[in-house]
Amino acid sequence: EHGDYNDELLAMQGIDDIRAALPPVIGSAQQAGRITAQAAEETGLLAGTPVYGGLFDVVSTALCAGLNDEETLNAVMGTWSVTSGVTDHIDYRQADAFVYGRYAEAGKYIVHAASPTSAGNLEWFIKYSHHDSTSGLRILSDEDMDLLKEYLTENLRGDDSIIFDTALSWYVNGNNSN
């Protein structure tokens, strides 16, 4: 909440001795410095290139989706499934363990719930529950798959309150190569 490292958390992790070596916490659009000659030589980057605070990928997608209040959520289905929102306060009374972090806008926080169960799992499930001719495994019948496709088609009709989920749409619309 204070825009700096939490000394209690560093101590709890047994790494409080590195406090002095940590870089300053800066804003996402704030310039931290420039690529030095040594860093350029070691990385192949151009010396003098400006370096900025940047954004965590989940914050970046929320910003690009236009989240700016508690009325809209953003769902990202990549390696992880992450649902994010933006708030102006941290609610310590929540029973669920949400993750809070500084948002790209001053005085706001991103809050998200995440799980490593996303589009990759859907692809795996469809491939191995229906299409795996090698093992003969067939958890879902053709009728089951037709019902799933029908359900997803009917229920993924977006409106202004829903951010369309492209991973499921990709499957429903028959663009799956598996």
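The values are calculated or read from the model by the stated rules, or taken from the named source; none is laboratory data. For clarity, every value in this text was computed on a predicted model and none was experimentally measured. Because the Cβ atoms are built from the backbone with ideal geometry, glycine has one as well, and the counts that use them run over all protein chains shown. SASA here: full protein model, heavy atoms, side chains in, ligands and nucleic acids out. Shrake-Rupley method; radii C 1.70, N 1.55, O 1.52, S 1.80 Å.
Name the single residue that is farthest from Val99 (Cα to Cα) among those in region 27-54 being out of contact with any Lys or Arg (no Cβ under 7 Å at 6 or more places or on another chain) and assigned to a strand (DSSP E or B).
Among those that are out of contact with any Lys or Arg (no Cβ under 7 Å at 6 or more places or on another chain) and assigned to a strand (DSSP E or B), it is Arg34.
Among the listed residues Gly53, Gly101, which satisfies the condition of being open to solvent by less than 70 Å² (accessible area, probe 1.4 Å) and touching a Gly at 6+ places or on another chain (Cβ under 7 Å)?
Going through Gly53, Gly101 in turn, the sole match is Gly53.
Looking at (1) touching a Phe, Trp or Tyr at 6+ places or on another chain (Cβ under 8 Å); (2) surrounded by 11 or more Cβ atoms within 10 Å (Cβ to Cβ), find the lone condition where Trp80 falls short.
(1)
Restricting attention to region 17-26, which residues are part of a loop (DSSP other than H, G, I, E, B) and either in contact (Cβ under 8 Å) with a residue 60 or more places away in the chain or exposed (fewer than 11 other Cβ atoms within 10 Å of the Cβ) (or both)?
The answer is Pro23, Pro24.
Can you tell me which residues in region 56-71 are open to solvent by 60 Å² or more (accessible area, probe 1.4 Å) and not aromatic (Phe, Trp, Tyr)?
Asp57, Leu63, Cys64, Asn68, Asp69, Glu70, Glu71, listed by residue number.
Conditions: (1) surrounded by 10 or more Cβ atoms within 10 Å (Cβ to Cβ); (2) within 25 Å of the chain's Cα centre (by Cα). Ile35 meets all but one. Number of the miss?
(2)
One residue is enough: does region 79-100 have a residue meeting the conditions part of a loop (DSSP other than H, G, I, E, B), at pLDDT 90 or above and polar (S, T, N, Q)?
no
How many residues are under 20 Å from Ile110 (Cα atoms) and either among the charged types (D, E, K, R) or at pLDDT 95 or above (or both) if we restrict to region 1-50?
Count: 2.
Contact list please: Cβ distance under 6 Å, first residue in region 46-65 and free of Cβ contacts under 8 Å to residues at least 24 places away in the same chain and small (Gly, Ala, Ser), second residue outside any loop (DSSP other than H, G, I, E, B) and open to solvent by 40 Å² or more (accessible area, probe 1.4 Å), pairs at least six apart or on different chains.
From region 46-65, the pairs are Ala47/Ala37; Gly48/Arg34.
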